[in-house]
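Asker: What follows is a single structure, and I will ask about it in a moment.
The values are calculated or read from the model by the stated rules, or taken from the named source; none is laboratory data. This structure is a prediction, so every number in the text was calculated from the model and none was measured. Positions of Cβ are backbone-derived with ideal geometry, glycine not excepted, and every protein chain shown enters the neighbour counts.
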C-alpha cells in the first residue's frame, strides 16, 4: 500500500493515492494503530536510505528543521532517527 502512495505521480494522483491508502489503513482491524505503524515504518525506511546516501543524523535533523513547514515533520524525522538508532542501523561514524 505504501508503495502505491510513494510511486504515484506528483500532484492530484499522489493526493488521491495518499487518501485511499490512509482510508484503507484506518479501516483495517487495527485502525489508527495500523496508520501509525505504517508512517513510522516509512519514515524509518527513508532514514535508512539517507544513511546509505552518506547522510549523518545531525545533518538530516538540521536540514529538516530548516526546511520543514510544520514542527510535526521535524518530530517525525527525529523519532525515525531515534527508532533506527535503537535498531543499531545508524551509520558507523554516527555511533563512534
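Asker: Can you name every residue in region 23-38 that is assigned to a helix (DSSP H, G or I), more than 14 Å from the chain's Cα centre (by Cα) and either free of Cβ contacts under 8 Å to residues at least 24 places away in the same chain or within 16 Å of residue 76 (Cα to Cα) (or both)?
Answerer: The answer is 23, 24, 26, 27, 32, 33, 34.
Asker: I've got another one for you. In the set 54, 75, which member is assigned to a loop (DSSP other than H, G, I, E, B) and either exposed (fewer than 14 other Cβ atoms within 10 Å of the Cβ) or at pLDDT below 90 (or both)?
Answerer: 54 is the lone residue from the list that is assigned to a loop (DSSP other than H, G, I, E, B) and either exposed (fewer than 14 other Cβ atoms within 10 Å of the Cβ) or at pLDDT below 90 (or both).
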